[in-house]
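To start, the structure itself, in structure tokens.
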Amino acid sequence: MIAEQLRTLELFAEFPNHDIDVLTSVCRTLTFAAESTIIEQGERARAAYVLLGGEVEVIRRLPGGTRTRLGVLQRGAVFGSVALLDGGARAAGCRAASDVLVLEIGSADFQRMCEASTPLGTRFLMLVCRQLVRDLRGTNHRIAELAGLATLTAEDVASSVGGSLL
């Protein structure tokens with residue numbers, strides 16, 4: 001059943017059936033109820049996840065304790081892989097926005113897959129790299145938007161807001 005769900009995801013389109021079967025044999029599926037914590041910011045990475053169902057909020061705790069929502073992940077997203085790549089602490093937290101089903105890839109299995117000189121290891125590492133590049137492009141776009149906002153005058157904002165209200 002999980003293998004069939006992976007086969008329907010665009011990220012796994014290039015994976016032969018055998019690789020998906022191997023992947024699902026070394027990973028486990030987990031469910032999280034809405035509002036459950038999946039990843040706690042600052043914790044050491046134990047796993048990466050593929051979102052098979054539901055929505056996940058990415059939340060960053062700022063100095064002073066305030067929290068900000070960085071985004072919402074949808075089915076097919078890979079998350080939690082950055083800390084597995086560099087061995088660092090989690091940069092943000094992830095919380096189930098609805099009931100969630102994930103495929104959990106433990107850090108030891110992740111490391112073995114990435115270091116293996118097999119087609120599965122290469123495919124999986126490329127999958128993670130593509131996801132990271134998409135995230136980086138999105139972040140760069142957001143930074144450019146915010147930089148543009150910083151150069152706006154109060155008059156620009158007023159005319160922009162006023163125009164959108166008409």
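One compactness figure for the chain is 1.22, namely its Cα radius of gyration divided by 2.2 N^0.38 Å. Computed from phi, the 3J(HN,Hα) profile of segment 66-73 under the Karplus parametrisation 6.51, -1.76, 1.60 (θ = phi - 60°) reads 5, 10, 10, 7, 8, x, 10, 8 Hz, with x in place of Gly and Pro.
Against the longest alpha carbon principal axis of the chain, how many degrees, from 0 to 90 and to the nearest 10, is the axis of helix 154-165 turned? It is inclined by approximately 70 degrees.
The angle between the Cα long axis of helix 119-150 and the longest principal axis of the Cα atoms of the chain comes to about 0 degrees, rounded to the nearest 10. Can you find, among A91, C27, V50, the residue sitting farthest towards the positive end of the charge dipole of the chain, where Lys and Arg contribute +1 and Asp and Glu -1 at Cβ? It is A91, whose Cα lies furthest towards the positive end. Let me make sure I get this right: for segment 50-126, a, b and c are the square roots of the gyration tensor eigenvalues over alpha carbons, sorted descending. Under 1.5 in a/c it's rounded, otherwise prolate if a/b > b/c, else oblate. Which is it? Note, shape of segment 50-126 comes out oblate. Structure remark: mean-square fluctuation, Gaussian network model of the chain, C-alpha springs under 10 Å; the largest value among T31, T66, T139 belongs to T66. Highest mobility in the GNM of the chain, judged by mean-square fluctuation with C-alpha springs under 10 Å and restricted to A47, A147, A89, is found for A147. Short-range pairs are left out: with C-alpha atoms under 8 Å and at least six residues apart, the relative contact order of the chain is 25 percent.
Computed from the Cβ-Cβ distance with R0 of 25 Å, the FRET efficiency linking R69 to A108 stands at 0.20. When the chain is treated as a Gaussian network with alpha carbon springs shorter than 10 Å, the biggest mean-square fluctuation among L127, L136, L23 belongs to L136. Computed from the C-beta positions of A33 and S117, the FRET efficiency with R₀ = 30 Å rounds to 0.15.
Overall, the chain carries a charge dipole of about 280 debye about its Cα centre when +1 sits on the Cβ of Lys and Arg and -1 on the Cβ of Asp and Glu, all other atoms neutral. Mean residue ellipticity, 222 nm, helices only, the chain: the sum of -39500 (n - 2.57) across DSSP H runs of n ≥ 4, divided by residue count and rounded to 500, is -14000 deg cm²/dmol.
Every number in this text was worked out from the coordinates using simple rules, so none of it is lab data. Predicted, not measured: the structure shown is a model, and the values here were computed from it. Methodologically, a virtual Cβ is constructed for each residue, glycine included, from the backbone with ideal geometry; neighbour enumeration extends over all protein chains shown.
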